[in-house]
Each structure stands twice: as structure tokens, then as C-alpha cells.
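Following: one structure in C-alpha cells, then a few remarks.
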Amino acid sequence: MAEKTSSKPAKVAKEPDAKRGAAKPRQSTAKPSARKPAATKDAKPTLLSGGNPQIAKGDGDAPVQAYIAAMPGWKSDVGRRLDALIVRTVPGVRKAVKWNSPFYGVEGQGWFLAYHCFTKYIKVTFFRGASLSPLPPVESKDKNTRYFHIHEGEQLDEELVASWIRQASELPGWMS
């Protein structure tokens, strides 16, 4: 059998038209990317102002434990102790991280406590602290809220703090 040959001429790449000019490769004028590389599983969370860990918001124990693990220095130990005291005092406590702070609440009642790292202390917030007896020592702009601060090396009066936690968990909490 005879092979068929095409009567069409083979396509040949054309040389650039001298009048139009050849396209020059573009050189980027953009600066090198200043974006941070994607975080890896083993990357430590960023510490915000005052050493407060930046943790993605989320419900449950896992984000709270991630926050506690990322608390710098002595604050991490205090965070573990606070978390354990809250869990012992309020069985079935609800946990979440919101606004880079651990929150504790009772289902259907709202949040009763949160804490936040600052440079020299941890601020513990009782959202209905003005109803606690004795009053937590630090006032707030909000007439219902009271705070207490934990500084490095201070002994935590666990009996008093547990009393505040118990009382606060029995009150209507802050709804978010």
C-alpha cells in the first residue's frame, strides 16, 4: 500500500515581524514578597502585645490547651493551674478561645470567666464579678465586671479563687 502524503505544507515557526518587534521578556518591578511563610504544625503561635498568644478562635478544650501551651514562661504554669481549678470546680464547663483569650462558661448561661496575658501579669475576668463575695479586687469600667491579677511568684489562693469560680458559674453569664 502506498502511503498517503499530505498536500498541506508543514507549519514552520515564523520569525518575529521586524516592524512589530519581538516581545521582550518582562522584568518584574515588584518587590520580593514580604509575606510570612505559611505556618507549619510545629510553629509556635505569635505572641501579641504583652506576650498574649495569638490563637485562632474555636470552641472546646483543644484551643484552650493550645493557648495555655503558648503562654510565655511562668504564665503557662499558672494557666494550667487555673484551667484545672476551673474544671474541678465546675464539672462540664464549656471552653472556647475568643479574642485571643480562653473563655469558660456554662451551656445555656453564657461565659462567666476569661483570662488574658499582659507583660507583668495575667488578668482574670469575672463578667458578673460585682455579684461575688468577697469582691475580686480590681474594678472595671463595666459596673458588673471585676478582675484579679496574678503576678509572677504570687501564691494563688485556690480556695478563694474556687469560691469566685463557683459563684460566678451559678450566675447568668455574658452572652457573646
> Hey, fewest Cβ within 10 Å first, where do VAL87, VAL78 land in order?
Replying inline: VAL87, VAL78
>> For a quick check: sort TYR147, TYR67 by the number of other beta carbons within 10 angstrom, fewest at the front.
In response: TYR147, TYR67
> Tell me, what is the FRET efficiency for LEU47 and MET175 to the nearest 0.05, using R0 = 45 angstrom and their Cβ-Cβ distance as r?
Replying inline: 0.95
> How do SER140, SER49, SER169 rank when sorted from fewest to most other Cβ atoms within 10 Å of their own Cβ?
Replying inline: SER49, SER140, SER169
> Which FRET efficiency value, to the nearest 0.05, do you get for TRP99 and LEU135 by plugging their Cβ-Cβ distance into 1/(1 + (r/R0)^6) with R0 = 30 Å?
Replying inline: 0.75
> What is the distance in Å between the Cα centres of region 93-144 and region 154-172?
Replying inline: 11
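No value in this document is a laboratory result; all are computed from the given coordinates. Keep in mind that this is a model prediction, so the values were computed, not measured. Methodologically, a virtual Cβ is constructed for each residue, glycine included, from the backbone with ideal geometry; neighbour enumeration extends over all protein chains shown.
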